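Enquirer: Got a structure for you, written out below as structure tokens; questions coming shortly.
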Amino acid sequence: SCVFMDAAACKPGPAVIACRMLEDELLLAMRRTGKEYPVAWLESGLHETPQLLHAALMEAIAAYDGRYGVLLLAMGACGNAVDGIGAAHSTLVLPRFQDCIGLLLDEPRASDAFYLTRGWLRGERALPCAYRRARERYGEKTARAVYEIMLRNYAAFSLLDTGAYPLSECRAEPERLAACFDKALTTSRGTLSTLEKLLLGQWDGDAFCTVAPGARFSLLDTLMGGGIHQ
């Protein structure tokens, strides 16, 4: 459920537990800041089942707990999966965003935009793969009807430009989706600012929630404010 990178040979300091959807952006933020910490990657498909994401997050925390004084969670609150999460010996730091897309946005979120990133597109449970499987299983007509209902509140697919890769490398799939479901295809401004602040230890009370060893995240705390929770 999670994949560890360089955990055994890492240097003293924080470790990161990150959603695989943010891989491109986190690796670039590490290069920019010079903070190349050990990373435990959580597969992006876990977002569809918050209970599984919660369990995988607990597993990753347990593996790093006490080995590092601070564990940086590069993810959002994602389906309430962080509610009740804690570590016995390490401080946890979480960006205060509802999901991973919000963490990367550098402009107001549009309620009628379905946001896409390269990391999100390559997941097996992402919309393109899920739609292909639905067509294979149920046929084109039924699959299309189901997904048109799922996407009826969205006017556009929007590629999030975070600067972590050329958008041309991941534009083909969104163009096919937009044409298939008669949606516009737009581009939105992205940012690595939150990830860079997370890595640099710039955890102000408005943008981050910090939980001391022995305490646990409350979902209300992660979304509503506050500093260090004891």
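Enquirer: Mind giving me the FRET efficiency for residue 125 and residue 189? R0 is 22 Å, r the Cβ-Cβ distance, nearest 0.05 is fine.
Expert: My answer for the efficiency is 0.25.
Enquirer: Could you check the spin-label model distance between residue 215 and residue 175? Points 7 Å from the Cα along Cα→Cβ, value in nm.
Expert: That separation, rounded to one decimal, is 5.0 nm.
Enquirer: Within region 108-203, report the trypsin sites (Lys or Arg not before Pro) that DSSP leaves as loop and that have at most 14 other Cβ atoms within 10 Å.
Expert: The qualifying sites are 109, 152.
Enquirer: Can I ask one more? Can you give the longest run of the chain that contains no GluC sites (Glu not before Pro) sitting in a DSSP loop with at most 16 other Cβ atoms inside 10 Å?
Expert: Counting only loop sites that pass the neighbour cut-off, the longest clear stretch is 125-230.
Enquirer: Could you size up the charge dipole of region 82-230 around its Cα centre, putting +1 on the beta carbon of Lys and Arg and -1 on that of Asp and Glu, and report it in debye to the nearest 20?
Expert: With only Lys, Arg, Asp and Glu charged at Cβ, the dipole is about 600 debye.
Enquirer: While we're here: On the protein heavy atoms, probe 1.4 angstrom, tell me the percent of accessible surface of the chain carried by carbon and sulfur.
Expert: Its accessible area is 50 percent carbon and sulfur atoms.
Enquirer: Further question: Using alpha carbons only, how many degrees (0 to 90, rounded to 10) separate the axis of helix 127-138 from the longest principal axis of the chain?
Expert: Compared with the principal axis, the helix lies near 50 degrees.
Enquirer: Still on this structure, please answer the following. Could you tell me the center-to-center distance, by alpha carbons, between region 48-101 and region 103-146 in angstrom?
Expert: If we compute the Cα centre of each part, the gap is 25 Å.
Enquirer: Right, here's the next one. Could you tell me the number of lysine pairs in the chain with C-alpha atoms less than 22 Å from each other, where the two lysines are 8 or more residues apart or belong to different chains?
Expert: 4
Enquirer: Return one whole number: the accessible area per residue of the chain in Å², for a 1.4 Å probe.
Expert: Ligands and nucleic acids excluded, the result is 48 Å² per residue.
Enquirer: With unit charges on the beta carbons (Lys and Arg positive, Asp and Glu negative) and the dipole taken about the Cα centre of the chain, which residue among 39, 177, 192 sits farthest to the positive side?
Expert: So the residue furthest toward the plus end is 177.
The values are calculated or read from the model by the stated rules, or taken from the named source; none is laboratory data. Predicted model, so just to flag it, every value in this text is computed and none were measured. All Cβ positions, glycine included, derive from the backbone under ideal geometry; neighbour counts span all protein chains shown. In case anyone asks, the SASA skips ligands and DNA or RNA and just uses the protein heavy atoms, side chains included. Shrake-Rupley method; radii C 1.70, N 1.55, O 1.52, S 1.80 Å.
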